[in-house]
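A quick write-up on the structure given underneath.
The values are calculated or read from the model by the stated rules, or taken from the named source; none is laboratory data. Everything numeric in this text was worked out from a predicted model, so none of it was measured. All Cβ positions, glycine included, derive from the backbone under ideal geometry; neighbour counts span all protein chains shown. We work out accessible area using only protein heavy atoms, side chains counted, and drop any ligands, DNA or RNA first. Shrake-Rupley method; radii C 1.70, N 1.55, O 1.52, S 1.80 Å.
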Amino acid sequence: MSKAARERSARERLAEERRRQQARQKQVRLLTAVLGAVVVVAVAVVVIVVAMNSSKDDKKVTANLYKGATAPVQVAADGTVTMGQPNAKGPTVDLYEDFQCPICKEFEKASGDTIKKLAADGKITVKYHILSFVNPEGSPRAAVAGWCAADSGKFLQFHDVAYQNQPDERKALSVDTLKKFGATAGASGDYDKCVSDQKYKSQVKKNNDDGLSTLQQKFGGKAGTPSMLVNGKPVDQNAMFDPSALQKALGTA
């Protein structure tokens, strides 16, 4: 092989080696970019999860509590909370709700004040039945917290705070959040311990089972919240969300 041929062959081998090096470098750069993107996404996911978890209980609790007069509130041994004047002659309204039920929140926003005023005026007696099935974890905790608030005479206040600050029904209300609800409602004494210990857990389960059974009997096998009975008879849900129609249904218009 001539000297020129040998030099040409060497140049070709060198060029081929450079091409291979460039190809490897390109692969390394591409892999680095991909891995970098994966790391960025992973970090972003972690940040979002941490933010969601931290905001779950750090969210500020607000309250716009009812300013009008209210009827006396009593808690029966079966967990039914009754709001009514001692001499009330109007109908008895059984109201079935779940603190994590978003439609209940809308009902309270539309007609909650009307219910309170009618009870304060002695035109109706209201029995609140707090069910606990919408969120398997959060609903029972919240129902227990309602009882705990009732122990310190703050059921109605807790009731309003819970609905005004209600999270997505898929996000279970935590013990810490329910303690904040109680503090905002003015609950005191052993409220926090009552919530932490889930003092009324077994009674809440019984109330839920009994309430759903009653609704199924009254509504042809269906049970949901919010639901209302007036002297034991079902009220059309559409009327529940219209204060004027509701008063007519209650015979108090």
Mind checking which helices (runs of 4 or more DSSP H) fall wholly inside segment 128-202 and carry at least 2 residues that are without any contact (Cβ under 8 Å) to a residue 60 or more places away in the chain and within 12 Å of the chain's Cα centre (by Cα)?
138-151
Touching a helix residue (DSSP H, G or I) at 6+ places or on another chain (Cβ under 7 Å) and among the small types (Gly, Ala, Ser): is that true of residue 150 in this structure?
no
Unmet requirement for residue 208, which otherwise passes all of (1) touching a residue at least 60 places away in the same chain (Cβ under 8 Å); (2) in contact with a Gly (Cβ under 8 Å, 6 or more places away or on another chain); (3) not in a loop (DSSP other than H, G, I, E, B)
(2)
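Do you know which residues across segment 119-134 are open to solvent by less than 10 Å² (accessible area, probe 1.4 Å) and not β-branched (Val, Ile, Thr)?
Matches in segment 119-134: 119, 128, 131.
Return the residues of segment 62-88 that are touching a strand residue (DSSP E or B) at 6+ places or on another chain (Cβ under 9 Å), farther than 24 Å from residue 140 by Cβ and open to solvent by 20 Å² or more (accessible area, probe 1.4 Å); say none if nothing qualifies. Break it down stepwise before answering.
Applying the first criterion (touching a strand residue (DSSP E or B) at 6+ places or on another chain (Cβ under 9 Å)) to segment 62-88 yields 70-76, 79-85, 88.
With the extra rule that they be farther than 24 Å from residue 140 by Cβ, the set shrinks to 70-72, 84-85, 88.
Listed by number, the residues that qualify are 70, 72, 85, 88.
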Residue check, residue 195 crowded, with 21+ Cβ neighbours inside 10 Å and over 26 Å from residue 93 (Cα atoms)
yes
Scanning segment 217-247 for residues that are under 24 Å from the mean Cα position of the chain (by Cα) and of a type outside the set (Lys, Arg) gives 223, 224, 225, 226, 227, 228, 237, 238, 240, 241, 242
Hey, can you tell me all the residues within segment 128-168 that are touching a strand residue (DSSP E or B) at 6+ places or on another chain (Cβ under 9 Å), closer than 13 Å to residue 104 by Cβ and not aromatic (Phe, Trp, Tyr)?
129, 130, 131, 132, 134, 135, 139, 142, 143, 146, 159
